[in-house]
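Below is one structure, written out as structure tokens, with a few remarks after it.
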Amino acid sequence: MSEIQALLDALTGLPRTRPAGPAEAEALLARLRSAAARWADVLDEAREGVHGQLPPRAGAALTLAFRRAEESYVELEIALRDCAEHRDPAR
């Protein structure tokens with residue numbers, strides 16, 4: 001699970017201060033999107049690794065956690081697209 005270390009690195013590398021402006025806020029969103037993608041990958045890998053070894057509700061909970069992680073990634077992708085459109089209305 002090297003993806004876990006990559007996720008930890010991404011999270012520990014996040015700035016500890018508020019963004020100073022729109023450009024820094026957008027950069028933060030991009031880093032959060034990347035972390036969300038990594039988290040979804042970790043959950044997917046775990047889900048595949050324990051397939052058939054968990055009771056049904058536990059397996060369903062893990063699947064739901066994975067789906068929510070994917071949804072977080074998609075929401076951050078939408079937020080970044082909105083930033084890009086706001087920055088460049090011609091897009």
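All of the numbers you see were taken from the coordinates with simple rules; none came from a lab. Predicted model, so just to flag it, every value in this text is computed and none were measured.
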I want to verify a result. In a Gaussian network model of the chain, Cα cutoff 10 Å, which of these has the top mean-square fluctuation: A20, A35, A79? A20
Angle in degrees between helix 22-49 and the longest Cα principal axis of the chain, rounded to the nearest 10: 10
Which ³J(HN,Hα) values in Hz, rounded to whole numbers, follow from the phi angles of the range 77-84 under the Karplus curve 6.51 cos²θ - 1.76 cosθ + 1.60, where θ = phi - 60° and Gly and Pro get x? 5, 5, 4, 5, 4, 5, 4, 5
Just the Kirkwood number for the range 49-88, please: inverse of mean 1/r across all distinct Cα pairs, in Å, one decimal. 12.0
From Cα coordinates alone, what are the radius of gyration and Dmax values for the chain in angstrom? 16.0, 51
